[in-house]
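In what follows, a structure is listed as structure tokens, so that the remarks can point back to it.
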Amino acid sequence: AGRRRQGQRMMSDHFASEQLRVDLTTRAAQSNLMLDVNDPRCAFAPDHVGEYHTLFPLDAVVDDPDVGSLGCVSRVYKALSRFDGGTYALRKLDNVKINADHNAMRKVWGELVHPNLVRLRNIFITNEFDGHSNSLTFVHDFVFGAMTLTERHSRVTDQVGDISEDLIWSYIAQISSALRFLHSRGKAMRCLQASKVLVTPQHRVLLNASAVLDVIGDRKAQMENLQAEDLRAFGNLLVQTVCRSPESSQPQALSSSIDYIGAHYHPDLKDLIVFLISQPGGPQQATIFAACARISGRLLEQLDYTYHHIDTCHSELAK
């Protein structure tokens, strides 16, 4: 009983896969998350902010958060829009200096749509979080089921062996694609840190917190230098992810980290990382286009995997 004869279809073949059902159930559950009335986070989660309601803090920290990688104190909330019913992520920044027209940046970044970039939907200033102090708030799409790269691959949460080579190249292909898209349009990510890169259960990578540093960051920096810094940050991100340690890209540890990568992974990975983090600067500095050219074969392999996934999705929909 239960054995499949040649040419015979099983009952499960007529229904969506178990994993797909789990993914959809998880998505629905996350949409409906609400704070318990006794949760201490209720103290900083208002009933609504503008058009957004049912705010749910995504930070586990109850006390005032520390200054983060964006150079300021921030909190992130999941919220629902009363206009379209969509689920969004609200990033609240406190005590920041606005160095650019946030309305203009909202228009520019809102038009940048890429499968590996969390889309910006709105930027506004409000005092509705606490009733008296103004907070600069960025609204991005909410990515269901995602974890940050830090959470996904820290040694605390993932202690079973090295990260697979296929997975690393998948990450590289997706991040390269997003950076190529932005750089070709005269923009830079400016915050390519592990805490600002999201990974879904299906290993989809999305760069998060777009536009934030264009609004509160240094306006004097040249775009060529910002894009070059994106590449260095990309290289450091790969080192930290492969070695599963944020300290692995620090100057005192970088040499041993590179040696570890060279000993455990294909030489192509080490060569790419060295290329990204050791740019000469000035007119000779590297570009994302040159980086993609160096790994074109690897990128084509990832394209094959993408088409295979599309075929799988079509098969599920046909059931």
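The values are calculated or read from the model by the stated rules, or taken from the named source; none is laboratory data. Note that the structure is predicted; figures quoted are calculated from it, not measured. Because the Cβ atoms are built from the backbone with ideal geometry, glycine has one as well, and the counts that use them run over all protein chains shown. Each accessible area value is taken on the protein alone, full model and side chains, heavy atoms only, with ligands, DNA and RNA left out. Shrake-Rupley method; radii C 1.70, N 1.55, O 1.52, S 1.80 Å.
Identify the single condition in (1) more than 15 Å from the chain's Cα centre (by Cα); (2) at pLDDT 95 or above; (3) open to solvent by less than 50 Å² (accessible area, probe 1.4 Å) that SER184 does not satisfy, given that it satisfies every other one. Of everything listed in (1) more than 15 Å from the chain's Cα centre (by Cα); (2) at pLDDT 95 or above; (3) open to solvent by less than 50 Å² (accessible area, probe 1.4 Å), SER184 misses just condition (3). The set of residues from the stretch 133-145 being within 12 Å of LEU198 (Cα to Cα) and out of contact with any Lys or Arg (no Cβ under 8 Å at 6 or more places or on another chain) comprises just one member, VAL143. For the stretch 47-74, residues that are out of contact with any Leu (no Cβ under 8 Å at 6 or more places or on another chain) and without any contact (Cβ under 8 Å) to a residue 40 or more places away in the chain total 11. When the stretch 222-245 is filtered for residues that are more than 30 Å from HIS308 (Cα to Cα), open to solvent by less than 40 Å² (accessible area, probe 1.4 Å) and not in a helix (DSSP H, G or I), only SER245 remains. Among what's in the stretch 275-312 and is in a loop (DSSP other than H, G, I, E, B) and more than 26 Å from GLN202 (Cβ to Cβ), pick the residue that is modelled with the highest pLDDT. For the stretch 275-312, the residue satisfying everything is THR287. Checking each residue in the stretch 65-94 for being of a type in the set (S, T, N, Q) and at pLDDT 90 or above picks out SER74, SER81, THR87.
Please go through the stretch 100-156 and give me each residue that is in contact (Cβ under 8 Å) with a residue 40 or more places away in the chain, part of a strand (DSSP E or B), within 20 Å of LEU55 (Cβ to Cβ) and open to solvent by 60 Å² or more (accessible area, probe 1.4 Å), ordered by number. Scanning the stretch 100-156 gives no hits. If you go through the stretch 206-220 one residue at a time, do you hit one that is at positive phi, of a type outside the set (D, E, K, R), touching a strand residue (DSSP E or B) at 6+ places or on another chain (Cβ under 8 Å) and open to solvent by less than 20 Å² (accessible area, probe 1.4 Å)? Scanning the stretch 206-220 turns up at least one residue that is at positive phi, of a type outside the set (D, E, K, R), touching a strand residue (DSSP E or B) at 6+ places or on another chain (Cβ under 8 Å) and open to solvent by less than 20 Å² (accessible area, probe 1.4 Å).
In the set (1) outside any helix (DSSP H, G or I); (2) touching a Pro at 6+ places or on another chain (Cβ under 8 Å); (3) at pLDDT 70 or above, the condition left unmet by VAL62 is number (3).
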